[in-house]
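Taken together, the values in this text are just the output of simple stated rules run on the coordinates, not laboratory data. Every value quoted in this text rests on a predicted model; they were computed, and no experiment measured them. Please note: Cβ atoms are built from the backbone with ideal geometry, for glycine as well, and neighbour counts cover all protein chains shown.
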Amino acid sequence: MSTAEMSTTARTGAISIRNVTKIYDPEGVNVLAVDDCSLEIGAGEVCMIVGPSGCGKTTLLNAIAGFHSLTFGEIRLDGEVLCDERRPLASQGADRVVVFQNGALFPWKTLGDNVAYGPMVQGTLSKAEAREKARHMLAEAGLGDVAEKYPGEVSSGMARRAEIVRALINDPKVLLLDEPYRAMDALTKSIMHEALLEMYDRTKVTIFFITHDLEEAIFLGDRAVVMTTRPCRVKTIVNVDIPRPRDYHLLSSEEFRVLVEEAKDAVHEEALKAFEAGERELA
Amino acid sequence: MTGSPVESVSGRRSEPPRGMALFAYRAGRMVRTTGPYLTVLGIGAWLLLWWLFSEVWYLPRFEKMPGPVAVLSDLFARDPFQGISIFTDEYYEHIWVSCRRILFAFCIATGVGVPLGLCMGWSVQFRHYTFPILETLRPIPILAWVPLSILMFRGFEAPVIFLATLASLFVTTLNTMLGVQSIDESYFRAAGCLGSNRWQIFRHVVVPGALPFIFTGLQISIGVAWFSLVAAEMVSGDWGLGYLIVDAYMNNVTVPMVIGMITLGFVGWGTSVLVRIAGNRMMQWRTRALALEGR
């Protein structure tokens, strides 16, 4: 990718979430999942969304991706309306690609074919070209040797990395990650973080990253947005002014510790509220 | 074997065995486990009991049952006492006729049942139209369809194939539908946000995602096809293993009856093995993942 292309990608992908409210209606009881939530995410920003489990973070992601409708408010991508009250469900498209909590590589396709899938179905590349580009991008991510393997044959770390490659091959404006490293041990996680940062430094794609791991949020993000427990609203925003590229030595530095502490009190308070409310988590 | 790339100095393999070496490895592993010996032992014990009950002790209820010695000596006789052995042409004619009917029935049932099940699993509207009908027809025993099938079709062949098809159609359709419903929602979402249209989702998510259930269904369905085929052949037929059994009974020759039953068992087992092999070939992704888990 040339520098000119990179700078254009850097200027797109601004998400603006304005007064979004989502009311679920399971069995006739209204549940307020997201309440009048507003957030501006700049183009090329790594925005970490932090909050206790089941607080409604994923509801926000689902509205952006076009999986669920919103009830009030609007969401814009680079000024264009994705969804609002008149059209509550955004259309799904490869400009906003999701990486799922439990991984959603197609188990019946090899890693190479999984990565080639997006350009192939959109018709932007021929099948052979898509395969070639997929192999190239997998090799770049250190997965060249396993391109012909099925997801069931590789480690979860490799699978997750391939899933991010599958998203990036489409040149998305926004990468939406829903607690992608939740089930991983701390050591694998730190390797995954570095790989993600390395990919981010190359592409500068806007990242909307949901997590409940504070250290992850501070290590990866430009900002960590702490959400309240259900109904979901922005509680505080922690700005992470640590220069990139970052590596894992940062984890033991003073400035990192200070930022984690700053966010911790806010998150702890919400976690306690969530626990006491004892409500069942929403999807 | 010196200089073989498969085994290193320490005797540990440096790379997976291939070809003959793989065959030798598998055979060696099989001989070292207890499984095959237990199988031989189990079959031996079963044959022994059968022999004792029917040919040594003549237990009540077993007096009329031909024993293993009588059956096996007739089965392998050049000039069988009761008419059927592996040296008579009729024996193979019966097997061939039944297999041909199964082939037709299974192909029709799969060709109709799989697409039907895929649509039912995928489209809620289509399911609303069709599922109640399927659920009403499914519990009707195949034997209850016999009179109707004789009225509907002429000759021996068509009604029998119709009955076998019907039985396996229900199984295939239902399993395929459940297969589609079992696919994780996140695969649909992933396909959607990667820019697929509805047809592409059908082709790349619905069909491959349902395959494991489809093949489980096909294994059951070929078994069910054999059940209903034999039932149908007993009622109407001129050839076939089911006919052989009931014809032997009518003519009061019991050995061919038992030969027919045993043959049915083996042929049925063989066909379901074929379906399983086809399934494993089509689902390399699953076979390989299961192999890594040691299954």
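General observations
- Filtering B:Ser98, B:Ser54 for residues that are over 25 Å from the mean Cα position of the chain (by Cα), touching a residue at least 12 places away in the same chain (Cβ under 8 Å) and farther than 30 Å from B:Val205 by Cα leaves a single hit, B:Ser54.
- The residue list A:Phe100, A:Phe106, A:Phe72 contains one member that is at the interface with another protein chain (Cβ under 9 Å from one of its Cβ atoms) and touching a strand residue (DSSP E or B) at 6+ places or on another chain (Cβ under 9 Å), which is A:Phe100.
- Restricting attention to the range B:249-295 and to residues that are more than 14 Å from chain A (Cβ to nearest Cβ) and of a type in the set (Phe, Trp, Tyr), the residue that is farthest from B:Gly217 (Cα to Cα) turns out to be B:Tyr249.
- Output for the range B:209-223, where each listed residue is farther than 30 Å from A:Leu105 by Cα and surrounded by fewer than 23 Cβ atoms within 10 Å (Cβ to Cβ): B:Gly223
- Answer residue from the range A:75-97, given it is away from every other protein chain (no Cβ under 14 Å), out of contact with any strand residue (DSSP E or B) (no Cβ under 7 Å at 6 or more places or on another chain) and not charged (D, E, K, R) and is farthest from A:Lys173 (Cα to Cα) among those: A:Pro88
- A:Gly103 of a type outside the set (A, V, I, L, M, F, W, C) and assigned to a loop (DSSP other than H, G, I, E, B): yes
- A:Arg86 being farther than 19 Å from B:Ala191 by Cα, more than 15 Å from the chain's Cα centre (by Cα) and touching a residue at least 24 places away in the same chain (Cβ under 8 Å): no
- Residue match in the range A:121-143 (condition: surrounded by fewer than 22 Cβ atoms within 10 Å (Cβ to Cβ) and closer than 23 Å to A:Asp222 by Cβ): yes
- Scanning the range A:161-194 for residues that are surrounded by fewer than 18 Cβ atoms within 10 Å (Cβ to Cβ), touching a Gly at 6+ places or on another chain (Cβ under 8 Å) and not β-branched (Val, Ile, Thr) gives a single hit, A:Met184.
- Matching residues in the range B:197-207 - criterion: being touching a Phe, Trp or Tyr at 6+ places or on another chain (Cβ under 8 Å) and either hydroxyl-bearing (Ser, Thr, Tyr) or touching a residue at least 24 places away in the same chain (Cβ under 8 Å) (or both): B:Phe202, B:Val206
- Those helices (runs of 4 or more DSSP H) of the range B:118-225 in which 3 or more residues are within 14 Å of chain A (Cβ to nearest Cβ) and more than 18 Å from B:Ile108 (Cβ to Cβ) occupy B:185-193, B:198-201.
- Residue within the range A:154-163 that is more than 19 Å from B:Gly209 (Cα to Cα), in contact (Cβ under 8 Å) with a residue 24 or more places away in the chain and touching a strand residue (DSSP E or B) at 6+ places or on another chain (Cβ under 9 Å) present: yes
- Lone qualifier among B:Ser236, B:Ser182, B:Ser149 - being small (Gly, Ala, Ser) and either buried (at least 23 other Cβ atoms within 10 Å of the Cβ) or closer than 29 Å to B:Gly279 by Cα (or both): B:Ser182
- Selection status of A:Arg135, assigned to a helix (DSSP H, G or I), more than 9 Å from chain B (Cβ to nearest Cβ) and over 17 Å from B:Leu194 (Cα atoms): yes
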